[in-house]
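Presented below is the structure to which this report refers.
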Amino acid sequence: MADYDLIARMNGCFNELELALHDLGNFLNQLELLQARVFALPEIAKGEEHNPADKIQVTPFTGEAAQQLALQHFQRLFIHHNNENVSSKSAVRLPGVLCYAVDEAEHQSALLLIEEVNKLKAELENIVTVESGLAREQRFEFVHTHLRGLITLNAYRSVNFLNDPDSVRFGWANKHIIKNVTRDEVLAQLEKSLNAGRAVSPYTREQWMENINREMNDVKRLPEHAALKFKRPVKVQPIARVWYRNSQKQVQHPCPLPLIALCLRTPVMQVPKLGELQDYDASSVKHKYKPKSQPLSLLIKRLHLYTDYPL
């Protein structure tokens, strides 16, 4: 279990993060708001976290209402910030963008505040996921013992900024998270789960230990040349496509939080063009090109672990 020094640092880091987010919100509130657009997504009810999102209805907000929703969202870190029937296992997303006119001093101050927020977010995540030395199964109990009700994904997500974008348009992305791993890395992960000594419902502790030992044996039976990869599907995600005319470049950003666009105030300053996020309907998605994927065999279902070795 993590020592007292680590717990104290985690609490101290989180307190600093709350203050930094508060300072950022106050600062943005004082800037000249050029325009703002955010898109509220349906809240996910308890028990529906794993249901496929075939349709998502979007509710748009603009101007001052959008800005206030966004600033509240940046500080929405705890379960008690949600309604009672809303799942605490799914982080609430609010895609959108806030566009501000800034002079050089305001621009520099905004960057310093955002940098401080993101530094503290990264530090908090590192304390929980790396320095604690805890297996994934143990982290929930550790965090909620000392920061009761914290939604870690909300706390870890970075605040992203844009410098003088010409347009910001929105859409949806379907993807998988794919990570190549070695046999030793997988075995180390399973060993950590085994040592955690916790049961996962509906199994007893003994049954869960048996499952993990069986998974370890399945991995050990593979030949050394067998490739292993985690291939986990991710629910459809809102994205922003940002266009920069001077560099003739488009940059795509994941957009779970509103982006902050900083537009230097000049005599010829142009307000960025903002697009809409349309409702999502899985049945209307068209793939421009879907490359043929390598045939893989599912080795451990709960981990989404695949191998190229035929089973």
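Candidates are the residues of segment 253-272 that are at pLDDT below 90 and of a type in the set (A, V, I, L, M); the one that is surrounded by the fewest Cβ atoms within 10 Å (Cβ to Cβ) is Val268.
Gln250 meets each of the listed conditions (1) under 21 Å from the mean Cα position of the chain (by Cα); (2) at pLDDT 90 or above apart from (1).
Of the residues making up segment 178-213, those that are open to solvent by 80 Å² or more (accessible area, probe 1.4 Å) and either of a type outside the set (Lys, Arg) or free of Cβ contacts under 8 Å to residues at least 24 places away in the same chain (or both) number 12. If the condition is being out of contact with any Pro (no Cβ under 6 Å at 6 or more places or on another chain), assigned to a loop (DSSP other than H, G, I, E, B) and not basic (Lys, Arg), then segment 142-165 contributes Leu147, Gly149, Ile151, Ser158, Val159, Asn160, Asp164. Would a scan of segment 157-169 turn up a residue that is under 20 Å from the mean Cα position of the chain (by Cα), open to solvent by less than 70 Å² (accessible area, probe 1.4 Å), under 25 Å from Leu6 (Cβ atoms) and at pLDDT 90 or above? Yes, there is a match, as at least one residue in segment 157-169 is under 20 Å from the mean Cα position of the chain (by Cα), open to solvent by less than 70 Å² (accessible area, probe 1.4 Å), under 25 Å from Leu6 (Cβ atoms) and at pLDDT 90 or above.
In the set (1) open to solvent by 80 Å² or more (accessible area, probe 1.4 Å); (2) assigned to a loop (DSSP other than H, G, I, E, B), the condition left unmet by Arg232 is number (2). Being touching a residue at least 12 places away in the same chain (Cβ under 8 Å) and surrounded by fewer than 17 Cβ atoms within 10 Å (Cβ to Cβ) holds for only one residue in Glu106, Glu116, Glu131, and it is Glu131. Looking across segment 219-229, the residues that are surrounded by fewer than 16 Cβ atoms within 10 Å (Cβ to Cβ) and either among the acidic types (Asp, Glu) or in a helix (DSSP H, G or I) (or both) come down to Lys220, Glu224. Consider segment 144-156 and keep the residues that are at pLDDT below 90 and not hydrophobic (A, V, I, L, M, F, W, C). The one that is nearest to Ser284 (Cα to Cα) is Asn154. Set side by side, the residues Lys175, Lys179 differ, and just one is in contact with a Lys or Arg (Cβ under 7 Å, 6 or more places away or on another chain) and part of a strand (DSSP E or B), which is Lys179.
Among the residues making up segment 99-109, a single one is in contact with a helix residue (DSSP H, G or I) (Cβ under 7 Å, 6 or more places away or on another chain) and part of a helix (DSSP H, G or I): Ser109. Picking from residues in segment 247-275 that are without any contact (Cβ under 8 Å) to a residue 12 or more places away in the chain and assigned to a loop (DSSP other than H, G, I, E, B), the one that is nearest to Gly25 (Cα to Cα) is Thr266. For segment 276-311, filtered to residues that are of a type in the set (A, V, I, L, M), surrounded by 13 or more Cβ atoms within 10 Å (Cβ to Cβ) and assigned to a loop (DSSP other than H, G, I, E, B), the residue that is modelled with the lowest pLDDT is Leu296.
The values are calculated or read from the model by the stated rules, or taken from the named source; none is laboratory data. Note that the structure is a prediction, hence the values are computed from the model and not measured. Don't worry about glycine lacking a Cβ; one is built from the backbone with ideal geometry, like all the others, and counts go over all protein chains shown. Keep in mind that these areas ignore ligands, DNA and RNA; they rest on the heavy atoms of the full protein, side chains included. Shrake-Rupley method; radii C 1.70, N 1.55, O 1.52, S 1.80 Å.
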